[in-house]
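The values are calculated or read from the model by the stated rules, or taken from the named source; none is laboratory data. Source: prediction; values computed, not measured. Counting neighbours? That spans all protein chains shown, and the Cβs are built from the backbone with ideal geometry, glycine included. These area figures cover heavy atoms from the full protein model, side chains too; ligands, DNA and RNA do not enter into them. Shrake-Rupley method; radii C 1.70, N 1.55, O 1.52, S 1.80 Å.
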Amino acid sequence: MFGKTARPGGHCCSKSPSSWVSRAALLAALASLTLVIVLRWVVTGHPPIFGTFENTLAATWALLVMLIVATRGRLAWLFPGDLAKLVALWMPVIMAVGLLFDRTPYPLTISERSLLIDVHVVFAWLAHSVLIVVSTAAVAVLVRHDIATEREQDEREARGELLPAVLGRL
């Protein structure tokens, strides 16, 4: 559906130089984003869970980790072919949205200093990552289906089946 399929126990991408460059870029992005999050944690004294800017940092980090882990080894079937590339396009978008909000570091309020809040936030980041992956896959499937449907209608027109082709476009 998305191009190359994953081999069992293998890796979904080819071993071409471009795949190694992509993998290195993802790892470099993970290292830099982890550094930013750690520095933010040191400055604020808490993990990045307060405010939209900090949440976009953490959500992008979670998506990046999911992408790196799930495109290797036994989990490679989760991101067949180009799906990983489509999901990766969301990361700069999420970060750009975060930059639109207040980036001032604030201490946590009393109600936010709870282990339950931390657990909630971790699961929210994971859920956000899964939502991005699934919604991207769904849009890709819909676009592909729409393209296939248009091709079928064009072929009908070419064969002279004008009425079904016109009715199919309505």
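Which FRET efficiency value, to the nearest 0.05, is calculated for residue 41 and residue 123 with the Förster distance at 25 angstrom and r the Cβ-Cβ distance? FRET efficiency, residue 41 to residue 123: 0.85. Remark: the residue 82-residue 144 segment gains 21.1 nm on full extension, using 0.36 nm per residue and subtracting the alpha carbon distance.
Of the solvent-accessible surface of segment 63-142, computed with a 1.4 Å probe and all protein chains present, 78% belongs to carbon and sulfur. The three principal axes of the C-alpha atoms in segment 39-101 carry coordinate ranges of 38, 22, 14 Å, sorted with the longest axis first. Annotation for residue 96 and residue 68: the two label points, set 7 Å from Cα along the Cα-Cβ direction, are 2.4 nm apart.
In terms of Cα atoms, the Rg and Dmax of segment 97-149 work out to 17.9, 56 Å. For segment 66-136, list log₁₀ I(q)/I(0) at each q in 0.12, 0.13, 0.16 Å⁻¹, using the Debye formula over Cα point scatterers of equal strength and ignoring solvent, two decimals each. Values returned for q = 0.12, 0.13, 0.16 Å⁻¹ are -0.47, -0.55, -0.75.
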